[in-house]
1. Between A:GLN44 and A:ASP100, what is the FRET efficiency for a Förster distance of 22 Å, r being their Cβ-Cβ separation, to the nearest 0.05?
2. If we count other beta carbons within 10 Å of each Cβ, what is the order of B:GLU117, A:GLU245, fewest first?
3. Tell me, rounded to the nearest percent, the portion of alpha carbon pairs in segment A:244-374 spaced more than 25 Å apart.
4. Can you bin segment B:90-247 into rounded, prolate or oblate? Criterion: square roots of the alpha carbon gyration tensor eigenvalues sorted a ≥ b ≥ c, rounded for a/c under 1.5, prolate for a/b above b/c, oblate for the rest.
5. With the cut-off at 1.5 for a/c, could you classify segment B:116-173 from its C-alpha gyration tensor as rounded, prolate or oblate?
6. Bins of 10 Å, beginning at zero and ending with the bin holding the largest distance: percent of Cα pairs per bin for chain A, please.
7. How do B:MET355, B:MET215 rank when sorted from fewest to most other Cβ atoms within 10 Å of their own Cβ?
8. Can you list residues whose amide H is under 5 Å from B:SER225's amide H, if they're 5+ apart or on another chain and H is modeled 1.01 Å from N?
2 protein chains.
Amino acid sequence: MKFGGTSVADVERIKSVAKRVKREVDAGHEVAVVVSAMSGVTNQLVTWTSEIARLHDAREYDVVVATGEQVTTGLLALALQEIGVSARSWLGWQIQIHTDDAHGKARIERIDTAEIERRFAQGQVAVVAGFQGVGPDNRVTTLGRGGSDTSAVALAAALKADRCDIFTDVDGVYTTDPRIVAKARKLDKIAYEEMLELASQGAKVLQIRSVEMAMKHRVRLQVLSSFEDKPGTLVVDEDEIVEQEVVSGVAYSRDEAKITLVRVPDRPGVAASIFGPLADHNINVDMIVQNVSEGGQFTDLTFTVTKADLERAKKVLEDRRVALGYQALVPDSNVVKVSVIGLGMRSHAGVAQRMFKALAEKGINIQVISTSEIKVSVLVAEEYTELAVRALHTAYGLDAA
Amino acid sequence: MKFGGTSVADVERIKSVAKRVKREVDAGHEVAVVVSAMSGVTNQLVTWTSEIARLHDAREYDVVVATGEQVTTGLLALALQEIGVSARSWLGWQIQIHTDDAHGKARIERIDTAEIERRFAQGQVAVVAGFQGVGPDNRVTTLGRGGSDTSAVALAAALKADRCDIFTDVDGVYTTDPRIVAKARKLDKIAYEEMLELASQGAKVLQIRSVEMAMKHRVRLQVLSSFEDKPGTLVVDEDEIVEQEVVSGVAYSRDEAKITLVRVPDRPGVAASIFGPLADHNINVDMIVQNVSEGGQFTDLTFTVTKADLERAKKVLEDRRVALGYQALVPDSNVVKVSVIGLGMRSHAGVAQRMFKALAEKGINIQVISTSEIKVSVLVAEEYTELAVRALHTAYGLDAA
């Protein structure tokens, strides 16, 4: 069971979490609980580190920011004991949760579960600090923002758990954002691959790395509400999903910006000379389109980066303007990426065509298209976000009755 | 160097501490720094634990409350690096600071300093989390409130440091509380034994256990201001003090309460039957007076406990009223203990007499007296606190010129 920051935001909520855990214990289950920091706490800690040092030593940053989870871990163990449940807290260095030494965004390599399993046999609940581990040099590491989901999945994998329940402030995974589409439906089940694409294309319900890890280790994930008592959405192997829809969900991401390089000389190696320097500056490029060349001499190149990287990307390319030989650089941050995702695409033709038709009927111009085996994404002007999402939700038959 | 909660209360103060540390490094010293939690943080953490569970598992309490020092340790290491000082943070379990398993009030047994000393040789400052250690079962322990002073002294002893500087919000040890006596003088030096008595009798400048430990290991302590740049008070061996005053300081404690048991049967074992149950309930008894027996049959017994223990002490004794056979229990919390302390008493007669005379001249009635080799304490009505302290400060020639 994993509880996020809003679920442990104060003493009263921690007590509620304890009661929820007790129900599972009373039902005869062996339970490990992973907790995040109280909501807001990690932000405060991060702010302090950046007020002291802009470019900080990530090892010391980790020492500071890992404390939020340590507090909630101890408090939840106390709350469980208070209602008669045997429990103890486990910090990353105690279990241990071994990670690499990439401080601030460490990856879990191995979890020692022998002692926890021994105590399961005695009826003790393990309350485990999320987001943190211990590096090869015995220093505190953290997994990057939202890393507690990954902690939970990794622990579930190591324990060979029957299920990993991620309790959050929504009650499951929806066909799309219910704030935009009132007829959005909660999915009972979704396949790992689809969940991974949804998360990658903008759905914020689960951290991407946690879904990757669940898929790799075949951990049955459930996303459910910590405030309501009802089943959520199971994220499982596609074999478990009997009736596969063509499209399972519509995602959108406002976190995109578009750059067009006008009249780039069209010669071998030009793409490498543009995207190489961007990669060197840790700028991720997502969609890329190269327009038909004018007489084989020049081409227009359009691609997207995150909004946060736009200014840096512009600077990198402007610094190399002479070498690259383009005529103009046109940035545009008023764009949104809308994606339809579904395993069923693999066996159905015309999925992209239906998307283009639905958007055209609403008069929405498509700026860039990119596809993968189970996804079609388009870039459109940001003002069409809601209209596009609603049109696609209807077009693929996802609206609730 | 040890910095308390007010010295690291926010980011700006932590930066000031870093500058202060840098001065010592620039002067060629090898430096270990022990820090407390930001002021107020530990109280918040303690409050959360007691809101969740009144009688809490001290092991989980320690997990929660130890986080405050972890935060400041990481932040100070960052602040030092930012001004070009090589530094790293050390948590109790990393160094390691081995303690016993008395969670919440653990005692330091041993500190492994080899790695810190190796890094000293490379010019690295060790920033060490105060107040915390690691227990025999690899769990987080804490040393009790104010324990960071003890951490600092223990570390200084283990490192065989030339000095242990305790930076605080006062600039040294005074002959008495300057808020009461305007003519109080800052002492340049004070002997361990005197400091121990001052701390025990109400002076709050240093934690008692830290002074005991400094005395045991002959660590030269200095108490000084973290906000002003001037020498403080050295706490040292009495051999270092050339001119020993008869009385070095006047202390007072408002944290006292008096209980009188009226007409207790005067028979062998009665004291044991009264103080035994109090000890069993962890109630410390300080001063004890037994009045002259009336014809050998009854006696009045007066003693003091802390104000916090008064209600519990009353209950323990009232529950045993029949067995103890006393006629009445008279509690009084309107009392203060005033003490004069000085190594010079050992070789001077008439010290107590001068005290009684000075108080009598001001019309202050003495309720209870207790003495030790280097201390005379009296219990008087609380309303006389300031008057008594001032009178004694003058009577022993302590007033500044």
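Read-outs throughout are calculated quantities, based only on the coordinates presented, and are distinct from any laboratory measurement. Remember, it's a predicted structure, so these values are computed and weren't measured experimentally. With ideal geometry, Cβ positions are generated from the backbone for all residues, glycine too; neighbour counts draw on all protein chains shown.
1. Values: r = 27 Å, r/R0 = 1.22.
Once the sixth-power term is evaluated, E becomes 0.25.
2. On the way: B:GLU117 15, A:GLU245 19.
Ranked by crowding around the Cβ, least crowded first: B:GLU117, A:GLU245.
3. Details: 3009 of 8515 pairs.
Distances greater than 25 Å cover 35 percent of the Cα pairs.
4. Numbers: a/c = 2.06, a/b = 1.68, b/c = 1.22.
Verdict is prolate for segment B:90-247.
5. Values: a/c = 2.15, a/b = 1.04, b/c = 2.07.
Taking the square roots of the gyration eigenvalues as a ≥ b ≥ c, segment B:116-173 is oblate.
6. The calculated distribution, bin by bin, is 5, 20, 26, 25, 17, 6, 2, 0.
7. On the way: B:MET355 26, B:MET215 19.
Arranged by neighbour count, lowest to highest, B:MET355, B:MET215 become B:MET215, B:MET355.
8. Long-range HN contacts for B:SER225: B:THR168, B:LYS230.
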